[in-house]
């Protein structure tokens, strides 16, 4: 004969109570969302916008209920604790051989001075003096008023 494991009744009831509480909260929240949907419809909101808003709010709340408090925060997933870092480093640590290079006293090289005197390129755009229209640099006449450009 096979022996079946008997679960402790308090553990089983605690699990059921936890999920029953979550289901009741979810039902109340769904009722509130349906009231919100009807209110949005009374304000002449587009039905798709009202539906998507309620769906978003429902899914956010559902995620909070299902995941609970056992999930690590986003910050703690990005920046691990010192113990976790040390553990992962010790597991993947290998011997690294480094060559040390001695720096010899060498003479400092002098660099030729740089001249900052230069001319800018021609602009690609310019304005008409008469009407103020922006024109390409190659234009001979203004497209708007017909004035010759210098």
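Values quoted throughout were computed directly from the atomic coordinates according to the rules given, and no laboratory measurement underlies them. This is a predicted model, so every value here is computed, not measured. Heads up, the Cβs are rebuilt from the backbone with ideal geometry, glycines too, and the neighbour counts pull from every protein chain shown.
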Estimated FRET transfer efficiency (residue 42, residue 67; beta-carbon r; R0 30 Å; 0.05): 0.35
Segment residue 31-residue 58, length gained on full extension (0.36 nm per residue, minus Cα span): 8.6 nm
Tail weight of P(r) past 18 Å, computed on alpha-carbon pairs of the stretch 10-70, percent: 47 percent
